[in-house]
Amino acid sequence: MLDAVGTAIACGQLPPGSVLRLEELQQSHGASRTVAREVVRALEAMRLTTSKRRVGITVRDCADWNHYDPRLIRWQLDSEHRPVALRNLMELRWAVEPSAARFAALRASPEDRGRLRALGARLEATAHARDLTTFLRHDIAFHHLVLAASGNPMFGQLSAVVAEVLTGRTEHGLMPLEPQPEAVALHLEVAHAVDRGDAERAEQAMRGIMLQARDEVAEQFQ
């Protein structure tokens, strides 16, 4: 039920200002009052709706939404607004991840540097094997580690956002059947630059990954 109502809001089927009634939600989704209330609480926590006595459950303006919530990102990527959602997410990644790579090169622990090298090697192996499922898992772990190793907890909390972007690209067929060798090489370069403490090169290589991802997505919507 949460996915159904959330998707309807995220894709504009329930535009801002729409008023929902708890009883109508129960009937339309065949849910109990308890479940319907839990869904409404979840929507309010994401700032998608607000509830007022004698008014009902009102869909909020999209500027008020928590756009960093992974569930909202998933719903937007599942909708016809996918191109705009991907553009916004790519712009966020472009702004954050190269800087995170720079700081990781300066601050990562020896253990993190070793884990990043190992993940780079796994990405290379699974890319050659065309194992996109395993490649995705390692890719998510790689970017999570770079964000966390930056030493900035605000960067680190964007890991779930990046994971949804990477997952959405794979699930919606926006990844090539075999990851581009250039992209894999850039991941390896980030790992090696972080390992060497080369902040400038780590930032440049991560920016290269962002550019490659942007171009791959753009090709799908031409």
Q: Assess whether H144 counts as being surrounded by 19 or more Cβ atoms within 10 Å (Cβ to Cβ) and in contact (Cβ under 8 Å) with a residue 12 or more places away in the chain.
A: no
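Each row is one residue, and each column tells you yes or no for (1) under 27 Å from G114 (Cβ atoms); (2) more than 21 Å from the chain's Cα centre (by Cα); (3) surrounded by 18 or more Cβ atoms within 10 Å (Cβ to Cβ).
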{"site": "T170", "(1), (2), (3)": "yes, no, no"}
{"site": "P179", "(1), (2), (3)": "yes, no, yes"}
{"site": "E182", "(1), (2), (3)": "yes, yes, no"}
{"site": "E189", "(1), (2), (3)": "yes, yes, yes"}
{"site": "G197", "(1), (2), (3)": "yes, yes, no"}
{"site": "R201", "(1), (2), (3)": "yes, yes, yes"}
{"site": "G208", "(1), (2), (3)": "yes, no, yes"}
{"site": "L211", "(1), (2), (3)": "no, no, no"}
{"site": "D215", "(1), (2), (3)": "no, no, no"}
**Q.** Residues that are outside any helix (DSSP H, G or I) and in contact with a Pro (Cβ under 8 Å, 6 or more places away or on another chain), drawn from the range 57-73
**A.** V59, R60, D61
Q: Identify all residues within the range 96-123 that are open to solvent by 70 Å² or more (accessible area, probe 1.4 Å) and under 19 Å from the mean Cα position of the chain (by Cα); write none if there are none.
A: none
Q: Starting from the range 201-214, keep only residues that are on the phi > 0 side of the Ramachandran plot, then list their pairs with residues that are among the aromatic types (F, W, Y) whose Cβ atoms are within a distance under 7 Å, requiring at least 6 positions of separation or different chains.
A: none
Q. Would you call A85 of a type in the set (A, V, I, L, M), under 19 Å from the mean Cα position of the chain (by Cα) and assigned to a helix (DSSP H, G or I)?
A. yes
Q) Assuming C11 fulfils every condition listed in (1) in contact (Cβ under 8 Å) with a residue 60 or more places away in the chain; (2) open to solvent by 50 Å² or more (accessible area, probe 1.4 Å) apart from one, which condition is it? A) (2)
(Q) Being assigned to a loop (DSSP other than H, G, I, E, B), free of Cβ contacts under 8 Å to residues at least 24 places away in the same chain and surrounded by 14 or more Cβ atoms within 10 Å (Cβ to Cβ) is true for just one of R47, R54. Which residue is that? (A) R47
Q. Could you count how many residues in the range 57-85 are of a type in the set (A, V, I, L, M, F, W, C), open to solvent by less than 70 Å² (accessible area, probe 1.4 Å) and out of contact with any Lys or Arg (no Cβ under 8 Å at 6 or more places or on another chain)?
A. 7
Q. What helices (runs of 4 or more DSSP H) lie completely within the range 114-189 and have 2 or more residues being in contact with a Ser or Thr (Cβ under 9 Å, 6 or more places away or on another chain)?
A. 132-149, 153-156
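The values are calculated or read from the model by the stated rules, or taken from the named source; none is laboratory data. Keep in mind it's a predicted model, so treat the numbers as computed, not measured. Because the Cβ atoms are built from the backbone with ideal geometry, glycine has one as well, and the counts that use them run over all protein chains shown. With ligands, DNA and RNA removed, areas are computed over all heavy atoms of the protein, side chains included. Shrake-Rupley method; radii C 1.70, N 1.55, O 1.52, S 1.80 Å.
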